[in-house]
Amino acid sequence: MSATIPSAGESASTTPRQYTAEEKRHRIFAIVGASSGNLVEWFDFYVYAFSALYFAGAFFPKSDPTVQLLNTAGVFAAGFLMRPIGGWLFGRIADRVGRKTSMLISVSMMCAGSLVIACLPTYAQIGAWAPFLLLMARLFQGLSVGGEYGTTATYMSEVALRGQRGFFSSFQYVTLIGGQLLAVLVIVVLEQLLTEDELRAWGWRIPFVIGAITAVVAMFLRRSLTETHGSQGEKNKEAGTMAGLFKHHKAAFFTVLGYTAGGSLIFYTFTTYMQKFLVNTVHLPNKTASYVMTCALFVYMCMQPVFGALSDRIGRRNNMLLFGGLGVLFTVPILTALQHVTSPYVAFVLIIAALAIVSFYTSISGIVKAEMFPPEVRALGVGLAYAVGNAIFGGSAEYVALALKSEGHETSFYWYVTVMMVIAFLVSLRLPRQASYLHHDH
């Protein structure tokens with residue numbers, strides 16, 4: 001690519017920068033390139049959650065279906081525990097070496113993790129080694145995706161066109177949700193082509209093979225990206241360091257951590273866990289639950305640019321306050337209504353209502369965090385705060401929900417999500433009306 005994208009540290013001195021047609025084209029290409037890799041990476045990560053209904057019995061001794069799902073959810077949650085390490089490691093690489101290098105390494109690691117899972121022997125073949133190796137592969141993927149979010153959010157926020165950053169950066173979640181959607185679609189297609197016994201025996205491996213192959217494609221796409229990281233990262237000794245982050249930006253870090261905790265929890269509640277909720281609590285057939293979630297995720301994906309563009313008009317702070325406030329008011333009513341529905345169509349409408357509320361946050365998730373940090377610690381600040389909140393509250397969502405259900409206290413989970421929405425609302429009050437960073441960047 002011949003044209004270059006100015007460093008994120010450069011600022012407009014007097015008047016807003018006017019982009020030439022060529023600069024717009026290069027920036028939009030960079031958004032597409034980064035988000036395409038993001039889609040592949042999240043497909044690889046989420047396909048585990050959606051295929052768990054079929055492979056749970058292959059890795060854990062035969063027992064009650066809820067206990068099997070609880071075991072696979074535990075492994076899913078364990079992958080999240082690696083995210084803070086990934087957020088720190090890849091954030092440091094991105095802030096000191098470059099965003100592009102960080103994104104290339106992370107997608108390569110995700111590819112390797114998917115390939116390992118696709119080839120793993122079952123519990124019947126190697127006993128306790130099977131769940132152990134599954135856990136190791138998920139920890140490796142957790143490390144990868146822990147770095148993916150912060151670096152991609154930073155990169156897409158920096159290359160997005162000024163004045164439309166909410167709209168363009170929303171495509172991070174378009175592709176993140178797209179990864180979920182493709183994971184569900186692959187399961188739906190396999191359900192049409194294979195019997196349930198075939199899916200449980202070997203068909204569940206196919207999505208992981210697809211994930212490994214597409215990750216290779218993503219690596220080639222990311223190699224063509226233009227770097228936004230300037231030379232200031234290499235010269236600044238505090239760039240990409242914990243000392244540089246907490247010495248000057250501690251308040252920003254904990255603000256981001258606060259609303260990420262609630263945002264991650266409600267996001268995973270109405271996406272990855274919802275498929276299991278529809279099967280295990282609402283008692284819809286597996287295929288019906290997959291159809292409902294496929295349609296819901298598609299609509300949810302289409303919502304992101306709309307809500308992102310809305311933030312460009314009303315401000316990120318107002319978006320976040322609407323997210324927290326509506327989440328407090330409607331989480332319990334929606335989950336309670338879902339628990340008692342009999343029609344998949346009603347279930348779909350309720351899930352869409354919940355996802356519309358979540359969209360106030362997810363559409364601007366990357367940009368609202370990136371605007372809190374300067375370029376020399378931006379990837380680290382965004383990635384680490386997200387990873388910690390996501391690991392503790394997002395990654396544990398399924399496990400907590402299933403554990404409470406197994407003990408007969410399922411509705412307690414609804415109130416747990418609501419309490420976290422209260423926290424998200426209160427923390428969002430701390431957001432500045434005018435962003436401290438990126439606003440004056442090119």
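The values are calculated or read from the model by the stated rules, or taken from the named source; none is laboratory data. Source: prediction; values computed, not measured. FYI the Cβ positions are ideal-geometry reconstructions off the backbone, even for glycines, and counts take in every protein chain you see. SASA here: full protein model, heavy atoms, side chains in, ligands and nucleic acids out. Shrake-Rupley method; radii C 1.70, N 1.55, O 1.52, S 1.80 Å.
If I fit a long axis through the Cα atoms of helix 99-119 and take the longest principal axis of the Cα atoms of the chain, what angle between them do I get, 0 to 90°, rounded to 10? Tilt of helix 99-119: around 10 degrees. The slack in the chain from H340 to F220, taken as 0.36 nm per residue of separation less the alpha-carbon distance, amounts to 38.5 nm. With K and R counted +1 and D and E -1, the other residues having a Cβ less than 14 Å from that of D312 yield a net charge of +4.
Per residue, the chain exposes an accessible area of 37 Å² to a 1.4 Å probe, with every protein chain left in place.
For T175, the solvent-accessible surface with a 1.4 Å probe is about 20 Å², rounded to the nearest 10.
Rounded to the nearest 0.05, the FRET efficiency derived from the C-beta distance between E407 and Q434 at R0 = 51 Å is 0.60. Taking Lys and Arg as +1 and Asp and Glu as -1, the other residues whose beta-carbon sits under 13 Å from that of M293 total +1. Summing Lys and Arg as +1 and Asp and Glu as -1 over all other residues whose Cβ lies under 15 Å from the Cβ of M109 gives a net charge of 0.
Calculated mean residue ellipticity, 222 nm, the chain: -25500 deg cm²/dmol, from DSSP H runs (n ≥ 4) at -39500 (n - 2.57) each, averaged per residue and rounded to 500. Against the criterion of solvent-accessible heavy-atom surface with a 1.4 angstrom probe, R316, R25 sort, most first, into R25, R316. Compared with the dominant principal axis of the Cα atoms in the chain, helix 344-362 is inclined by about 30°. At 1.4 Å probe size, with the rest of the protein present, what percent of the exposed accessible area of the stretch 247-328 is carbon and sulfur atoms? In the stretch 247-328, the share of accessible area belonging to carbon and sulfur is 68 percent.
Mark the label point 7 Å from the Cα of R162 along Cα→Cβ and return the residues of the stretch 344-384 whose backbone N is within less than 16 Å of it. Hits in the stretch 344-384 for R162 at 16 Å: 371, 375.
In this calculation the C-beta distance from A309 to Q125 is compared with R0 = 51 Å, giving a FRET efficiency of 0.50. For M372, the accessible area of its heavy atoms, probed at 1.4 Å with every protein chain present, is near 30 square angstrom.
The 1.4 Å probe gives accessible areas that order I352, I266, largest first, as I352, I266.
Extension gain for the segment V299 to E196, taken as residue separation times 0.36 nm less the Cα-Cα distance, is 34.3 nm to one decimal. Annotation note: chymotrypsin sites (Phe, Trp or Tyr not before Pro) in the stretch 185-273 located in DSSP loop regions with a Cβ neighbour count of at most 15 within 10 Å are W202. Where the centroid of each part is defined by its Cα atoms, how far is the stretch 374-430 from the stretch 164-230 in Å? With the stretch 374-430 and the stretch 164-230 each reduced to a Cα centre, they are spaced 24 Å. Could you please state how large a percent of the accessible area of the stretch 333-376 is carbon and sulfur, counting protein chains only and using a 1.4 Å probe? It is 74 percent, rounded to a whole number.
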